[in-house]
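Just below is one structure, and these are the notes that go with it.
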């Protein structure tokens, strides 16, 4: 991040933009892809995102006495998985993009779990909740789109109860340079074209690819979680580091 004429800037993919403008640009991307979001995850992950989300639930081990906050959780994928494993639990799905929440509400699981689910439009950097009210905070493929990641992590810490847990699933960096170059070739050349074919939207998919490469590596992100106040911070690579799970506790 740099400063230009006193105004802070950040990255939006490969572009440098005013920090104040990024949220609106990200909102535009996800408004454009909302109806194809689950298909998009298949394209971005070559279909493996379902296994990654199951691995996330395995590590979380949801319990029926817990209350989950799933941030950037528009289509409900994580919340539905959580509630299926812990039928007595409750969940709030928060997303900055209303059209994503609309897509989530359309899913069959949303009707079946309506009494356990709330859908709220909100900002990860300024959560509309009191302190110490959730047992689990999750964010899946969303934190790299946040303007100020440290602010979002600070808010996660604030709303979690003592003993609460943060878990982040995000695309990450392969530890092998050769494999990373191969994955980049696929990402930059195939995914935007698939976005054009599937959603008639090359630009949004181009941004999503670029945003992955701008996201901090596993160790750097783990340090950011620790800096937000979390303890016992650990991560697990998925598919050799194409994605990673990061876990931290508010103790």
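The values are calculated or read from the model by the stated rules, or taken from the named source; none is laboratory data. It should be emphasised that the depicted structure is a prediction, and the values quoted were computed from it without experimental measurement. Note: ideal-geometry Cβ built from the backbone for every residue, glycine included; neighbour counts use all protein chains shown.
Here is a yes/no grid of residues against (1) on the phi > 0 side of the Ramachandran plot; (2) within 16 Å of the chain's Cα centre (by Cα):
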position	(1), (2)
176	no, no
181	no, no
199	no, no
232	yes, no
238	no, yes
246	no, yes
250	no, no
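Looking across 191, 212, 198, one residue alone is in contact with a strand residue (DSSP E or B) (Cβ under 9 Å, 6 or more places away or on another chain) and in a helix (DSSP H, G or I). It is 212.
If you go through the range 221-248 and keep only what is surrounded by fewer than 22 Cβ atoms within 10 Å (Cβ to Cβ), over 19 Å from residue 42 (Cα atoms) and in contact (Cβ under 8 Å) with a residue 60 or more places away in the chain, you end up with 224, 227, 228, 229, 236, 247. Only residues that are part of a helix (DSSP H, G or I) and over 24 Å from residue 54 (Cβ atoms) were counted across the range 168-188, and they come to 8.
Scanning the range 68-112 for residues that are in a helix (DSSP H, G or I), in contact with a helix residue (DSSP H, G or I) (Cβ under 8 Å, 6 or more places away or on another chain), without any contact (Cβ under 8 Å) to a residue 60 or more places away in the chain and more than 14 Å from residue 56 (Cα to Cα) yields a count of 3. Exactly one residue out of 151, 118, 131 is on the phi < 0 side of the Ramachandran plot, part of a loop (DSSP other than H, G, I, E, B), surrounded by fewer than 23 Cβ atoms within 10 Å (Cβ to Cβ) and in contact (Cβ under 8 Å) with a residue 12 or more places away in the chain: that is 131. The requirement of being touching a helix residue (DSSP H, G or I) at 6+ places or on another chain (Cβ under 7 Å), closer than 21 Å to residue 118 by Cα, modelled with pLDDT of 95 or more and outside any helix (DSSP H, G or I) is fulfilled somewhere in the range 49-65, by at least one residue. Checked against (1) under 27 Å from residue 126 (Cβ atoms); (2) at pLDDT below 70, residue 95 passes all but a single condition, namely (2). Of the residues in the range 27-41, not one is under 17 Å from the mean Cα position of the chain (by Cα), at pLDDT 90 or above and under 29 Å from residue 84 (Cα atoms).
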